[in-house]
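See below for the structure under consideration.
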Amino acid sequence: MAAVAAPFMGVAVGGRRGVSEGMFFTVSKLLWFVVNPGNLLLLGLCVSALLLWTRWRRAGKWLVCLCVVFTIAIAVIPVGQWAIKTLENRFPPLTVLPDHIDGVVVLGGVINPSVSAARRQVAVGGAVERLSEMVALARRYPDAKIIFSAGSGDLFRQELKEAHYVKPWLETMGIEAERIVLEDQARNTNENAIYCYRIAKPKASEAWLLVTSAFHMPRAVGTFRRAGWSAIPYPVDFGTKGDETWSLMFNLSHGLGTANNAIHEWLGLLFYWVTDKSNSLFPAPAG
């Protein structure tokens, strides 16, 4: 299968984006910047520091105390880990693969295009299982279509496309780049579903695998179903064992990191459902 050249893909796959899609992408980015727990904590500390030097110092003291309580809660109570575990447990690992697969869709979010461009080598992040499983599935199903969907999720650097840096990585893995269709226009999960559907044109009788991180699978499934595509969930990149019990900790960096990921994904589920980008608030396995 011939790889799709980057300049060609903007016409063949994406075409001209609708205003609603562009607005959805921008608003979602700005909304997350505002509600990001780390940003909220930093804003609270800055505002409280300013208030302490004014006649509203009492309010500043209360705000400092509130920030301290929030910080301790994030560091001690594993709320983020529990929330991520709930997301990951929604779709269990696909341990028995079908004998025949017509195609595989792999969602991006693995390669850092900015660092890759600056360092002139592929910079792979923590969700490398998306790429490794893509290679494994390509070898297991030599006749299946493989689509890797990843444009730029950066609000200000749209010229840096993640899909453009997959080809050299594939070559190092011994996979011919021509085997993979590189979709480089999708900026979020909603556009992943739309553009991949236009490329694949899946028939009702065809079996397609959808590969993404386990915590992201519920939103991805809901979005693909909303686009009219009932792909088979193939979750990877698990970050929890799935049977963790509540236990206190004292690790701010871990607590804040897991809380960020969990809040981002749960808000994404809500935002996609409210804006009719997903067919369900919390999608579940078929049947």
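The values are calculated or read from the model by the stated rules, or taken from the named source; none is laboratory data. Since the model is a prediction, treat every value here as computed from it, not as a measurement. Ideal geometry is used to build each Cβ from the backbone, glycine not excepted, and the neighbour counts take in all protein chains shown. When the accessible area is computed, the model is the full protein with side chains, heavy atoms only, and any ligands, DNA or RNA have been set aside. Shrake-Rupley method; radii C 1.70, N 1.55, O 1.52, S 1.80 Å.
Within the range 166-189, which residues are closer than 24 Å to Arg219 by Cβ and either buried (at least 24 other Cβ atoms within 10 Å of the Cβ) or touching a strand residue (DSSP E or B) at 6+ places or on another chain (Cβ under 9 Å) (or both)? Passing the criteria: Val166, Ile180, Val181, Leu182, Glu183, Asp184, Gln185, Ala186, Arg187, Thr189.
The residues in the range 94-128 that are open to solvent by 20 Å² or more (accessible area, probe 1.4 Å), at pLDDT 95 or above and under 13 Å from Leu170 (Cβ atoms) can be counted, and the count is 0. Residue count for the range 104-139 satisfying the condition of being on the phi > 0 side of the Ramachandran plot and either touching a Lys or Arg at 6+ places or on another chain (Cβ under 6 Å) or free of Cβ contacts under 8 Å to residues at least 40 places away in the same chain (or both): 1. All conditions in (1) open to solvent by 50 Å² or more (accessible area, probe 1.4 Å); (2) farther than 23 Å from Ile77 by Cα; (3) in contact (Cβ under 8 Å) with a residue 12 or more places away in the chain; (4) not polar (S, T, N, Q) hold for Pro235, with the sole exception of (1).
If you go through the range 134-157 and keep only what is under 19 Å from Pro235 (Cβ atoms) and in a loop (DSSP other than H, G, I, E, B), you end up with Tyr141, Ala144, Ala150. Looking only at residues of the range 20-61 that are of a type in the set (Phe, Trp, Tyr) and loosely packed, with under 12 Cβ neighbours inside 10 Å, we find that the one that is farthest from Leu270 (Cα to Cα) is Trp53. Look at (1) closer than 29 Å to Arg225 by Cβ; (2) out of contact with any Ser or Thr (no Cβ under 7 Å at 6 or more places or on another chain); (3) free of Cβ contacts under 8 Å to residues at least 40 places away in the same chain and you find that Glu176 fails only one, number (1). Suppose the filter is of a type outside the set (D, E, K, R), in contact with an Asp or Glu (Cβ under 9 Å, 6 or more places away or on another chain) and over 14 Å from Gln81 (Cβ atoms); does Val236 pass it? Yes, satisfied.
Residues that are closer than 22 Å to Leu267 by Cβ, free of Cβ contacts under 8 Å to residues at least 24 places away in the same chain, open to solvent by less than 70 Å² (accessible area, probe 1.4 Å) and of a type in the set (A, V, I, L, M, F, W, C) within the range 63-93 comprise just one, Ala73. When we screen Leu52, Leu42 for residues that are free of Cβ contacts under 8 Å to residues at least 60 places away in the same chain and touching a Gly at 6+ places or on another chain (Cβ under 6 Å), the only hit is Leu52. State all residues of the range 44-87 that are farther than 29 Å from Thr258 by Cβ and not aliphatic (A, V, I, L, M); if no residue qualifies, say none. Listed by number, the residues that qualify are Trp53, Thr54, Arg55, Trp56, Arg57, Arg58, Gly60, Lys61.
Screening Ser205, Ser253 for residues that are in a loop (DSSP other than H, G, I, E, B), of a type outside the set (Lys, Arg) and open to solvent by 30 Å² or more (accessible area, probe 1.4 Å) leaves exactly one candidate, Ser205. Inspection of the range 221-232 finds a residue satisfying the criterion of being more than 21 Å from Glu133 (Cα to Cα), open to solvent by 30 Å² or more (accessible area, probe 1.4 Å) and assigned to a loop (DSSP other than H, G, I, E, B). Just one of the listed residues (Leu131, Leu87, Leu160) is within 24 Å of Arg198 (Cα to Cα) and either at pLDDT 95 or above or outside any loop (DSSP other than H, G, I, E, B) (or both), and it is Leu131. Scanning the range 256-279 for residues that are polar (S, T, N, Q) and either touching a Pro at 6+ places or on another chain (Cβ under 7 Å) or surrounded by 15 or more Cβ atoms within 10 Å (Cβ to Cβ) (or both) gives Thr258, Asn260, Asn261, Ser278, Asn279.
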